[in-house]
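Chemist: What follows is a single structure, and I will ask about it in a moment.
Quick note: the coordinates plus some simple rules give every number you see, no bench work behind them. Small disclaimer: the values here were computed from a predicted structure and weren't measured. Positions of Cβ are generated from backbone atoms using ideal geometry, with glycine treated the same way; all protein chains shown enter the neighbour counts.
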């Protein structure tokens, strides 16, 4: 009688206290821009040369999805991502009209892709993903797309799987109830094919990578203080995109070099789009020693080094003493992915740090308010959850212990940084989750340390 083999969970990965971090590093490419390069390159008419695309589980899900919808990849990425490849977009003819789309763990893909396919009459698609994705709400894209005329069914009124029946769309003016770059991007992409203009009104400014790349591809975009409008643009051409290094990935080294005494780290070719640099402002206000030098800015349309017009820079960070601060309001969307790291930095600061207006953290790959509080309090931090954020009293150090990532890539990397800065080291359970956005993170961190 045969038995199935027992699959044992991977052993926790330990990160011991470190000496100073030193060296120069170029983190992986920006995940948000990589997703958009795949989707907008697939929408465009003709080839788009893509350089420095992020090789991760999430972004491979985007490439697989657009290939299933009819885009051609040359060469097709297999065991590793080539330095440069071409996406041959489907153009005005649109995507293949039938199919099942597996988004894996890619929340950005789950929320942006429906904006493209919902407007193609006669098409029928079903989108699904892993267990984590099936817990992430998608009603915030389904509701406004329905107002545009889309036919979308979601599970229990809120969650994936999603069924999309292509329909003729019309433009709307929509005020986002919660600031979200993903919802905004979905509606702008849908507006490319809608009848009449589509306007999205934001309660707070969010990252604008979609607008930047659509403009580079020739879409008619108009931006005001709190709104962005797109006009129907069936014929897009995105000739070339170089994806800059991800500031969200760089942020782990910004914080680790700041809180580990004697450190000096240079981070090269980082995307410094002003809608993504909230972490620099917050750490600077806390007393961090950070210097930013602009390198260049490409147009993304026939030359240049940026990702669809994205500015790029070199960041030098040295260790420094920190003071507590308050993060709230319009600063939150500009640093939403980095707020767990702000909480970690606050543990080493003098005084109290308060993160407010950040309820969106509950809707990430995990409930990042609950998970960060659990992780850091287990390491000896004085931290408590609030209704919309966290309150941290700095003690100048962390004892160490164990951090469970709960399958969330950013929590896994947070635990690693906490380990090298702690007194006793940290064991990270499910460190493998980091591969979603930064497969080589552990090696890069150990090399600098």
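Chemist: In the Gaussian network model of the chain, springs joining C-alpha atoms below 10 Å, which of 282, 33, 189 carries the largest mean-square fluctuation?
Modeler: Looking only at 282, 33, 189, the largest GNM fluctuation is found for 282.
Chemist: Starting from 0 in steps of 5 Å, tell me what percent of the Cα-Cα pairs of segment 98-151 lands in each bin.
Modeler: Taking every Cα pair in segment 98-151, the percentages come to 4, 19, 30, 26, 16, 4, 0.
Chemist: OK, next. Once you keep just the Cα pairs under 8 angstrom separated by 6 or more residues, what percentage relative contact order results for segment 31-242? Intermediate values should be presented prior to the final figure.
Modeler: Working: 492 pairs, mean separation 45.0, N = 212.
Relative CO of segment 31-242 lands at 21 percent.
Chemist: Run the numbers on segment 173-286 and let me know its relative contact order in percent, using alpha-carbon pairs under 8 Å that are six or more apart.
Modeler: Working: 135 pairs, mean separation 24.8, N = 114.
Result for segment 173-286 is 22 percent.
Chemist: Hey, what angle do you get for helix 368-378 against the long axis of the chain, alpha-carbon based, 0 to 90 degrees rounded to 10?
Modeler: Orientation of helix 368-378: about 20 degrees from the principal axis.
Chemist: Bin width 10 Å, alpha-carbon pairs only: give the P(r) of segment 10-50 as whole percents, running from 0 to the bin holding the largest distance.
Modeler: Reading upward from the zero bin: 20, 25, 24, 20, 12, 1.
Chemist: Here's something else I'd like to know. For segment 71-128, what mean projected area does the convex hull of the alpha carbons give, in nm²?
Modeler: Values: hull surface 19.4 nm².
Approximately 4.8 nm², given one-decimal rounding.
Chemist: Still on this model: What FRET efficiency comes out for residue 11 versus residue 135 if R0 is 25 angstrom and r is the Cβ-Cβ distance? Round to the nearest 0.05. Display every interim value, and only then the final one.
Modeler: On the way: r = 26 Å, r/R0 = 1.06.
Computed FRET efficiency for residue 11 and residue 135 comes out at 0.40.
Chemist: Grab the Cα-Cα distance for residue 295 and residue 100, subtract it from 0.36 nm times how many residues apart they are, and report the gain in nm with one decimal.
Modeler: On the way: separation 195, 0.36 × 195 = 70.20 nm, distance 4.18 nm.
So the extension gain works out to 66.0 nm.
Chemist: For segment 142-287, what is the convex hull (Cα atoms) projected area averaged across all directions, in square nanometres? Write out the running numbers ahead of the final one.
Modeler: Details: hull surface 45.4 nm².
One quarter of the hull surface, i.e. the mean projection, equals 11.4 nm².
Chemist: Quick one: angle between helix 107-117 and the longest Cα principal axis of the chain, in degrees between 0 and 90, rounded to 10, please.
Modeler: 10
Chemist: With the Cα gyration tensor of segment 100-191 giving a ≥ b ≥ c as the square roots of its eigenvalues, does the rule (a/c under 1.5 for rounded; else a/b larger than b/c for prolate; else oblate) give rounded, prolate or oblate? Mind dumping the intermediate values first?
Modeler: Values: a/c = 1.73, a/b = 1.20, b/c = 1.44.
Oblate, since a/c reaches 1.5 and b/c is not below a/b.
Chemist: As a footprinting exposure proxy, order 272, 172 by other Cβ within 10 Å, with the fewest listed first. Kindly include the intermediate steps, with their values, before the conclusion.
Modeler: Working: 272 23, 172 19.
Exposure proxy ranking, most exposed first: 172, 272.
Chemist: Assuming R0 = 56 Å, can you tell me the calculated FRET efficiency for the pair residue 447 and residue 168, based on Cβ-Cβ distance, to the nearest 0.05?
Modeler: Working: r = 54 Å, r/R0 = 0.96.
Approximately 0.55, to the nearest 0.05.
Chemist: Need the full-extension length gain, residue 402 to residue 153, defined as separation in residues times 0.36 nm minus the C-alpha distance. One decimal, nm. Before the final figure, lay out the partial values.
Modeler: Details: separation 249, 0.36 × 249 = 89.64 nm, distance 4.07 nm.
Length gained between residue 402 and residue 153: 85.6 nm.
Chemist: Over the Cα atoms of the chain, Rg to Rh with Kirkwood Rh, two decimal places?
Modeler: For the chain, the value is 0.97.
Chemist: Then there's this: With contacts defined as alpha carbon pairs under 8 Å and 6 or more residues apart, what's the relative contact order of the chain in percent?
Modeler: Worked out over the chain, it gives 17 percent.
Chemist: Cα-based Rg of segment 31-242 per 2.2 N^0.38 Å, rounded to two decimals?
Modeler: Working: Rg = 15.6 Å, N = 212, 2.2 N^0.38 = 16.8 Å.
After normalising by residue count via 2.2 N^0.38 Å, the value is 0.92.
Chemist: Write down the percent of antiparallel bridges among all DSSP beta bridges whose residues are both part of segment 1-145, to the nearest 5.
Modeler: The antiparallel proportion sits near 65 percent.
Chemist: Let me make sure I get this right: for segment 203-275, a, b and c are the square roots of the gyration tensor eigenvalues over alpha carbons, sorted descending. Under 1.5 in a/c it's rounded, otherwise prolate if a/b > b/c, else oblate. Which is it? If you can, show how the numbers build up before the last one.
Modeler: Working: a/c = 5.16, a/b = 2.10, b/c = 2.45.
The shape class here is oblate.
Chemist: List the pair-distance distribution P(r) of segment 378-449, using every Cα-Cα distance, as the percent of pairs falling in each 5 Å bin from 0 up to the bin containing the longest distance, rounded to whole percents.
Modeler: All Cα pairs, binned at 5 Å, distribute as 3, 17, 22, 24, 19, 11, 3, 0 percent.
Chemist: Tell me whether segment 256-384 comes out rounded, prolate or oblate; compute the Cα gyration tensor, take square roots of the eigenvalues as a ≥ b ≥ c, and use a/c under 1.5 as the rounded threshold. Kindly include the intermediate steps, with their values, before the conclusion.
Modeler: Working: a/c = 2.36, a/b = 1.49, b/c = 1.59.
Because a/c hits 1.5 or more and a/b fails to exceed b/c, segment 256-384 counts as oblate.
Chemist: Right, another one. Could you check the simple spin-label distance between residue 357 and residue 57, using points 7 Å along Cα→Cβ, in nm with one decimal?
Modeler: Label at residue 357, label at residue 57, 3.3 nm between them.
Chemist: For the chain, modelled as a Gaussian network with Cα springs under 10 Å, which listed residue fluctuates most, 178, 13, 354?
Modeler: 178
Chemist: With each run of n ≥ 4 DSSP H residues scored as -39500 (n - 2.57), what mean residue ellipticity at 222 nm is computed for the chain after dividing by its residue count and rounding to the nearest 500 deg cm²/dmol?
Modeler: Working: 12 runs with 127 residues, N = 449.
For the chain, the value works out to -8500 deg cm²/dmol.
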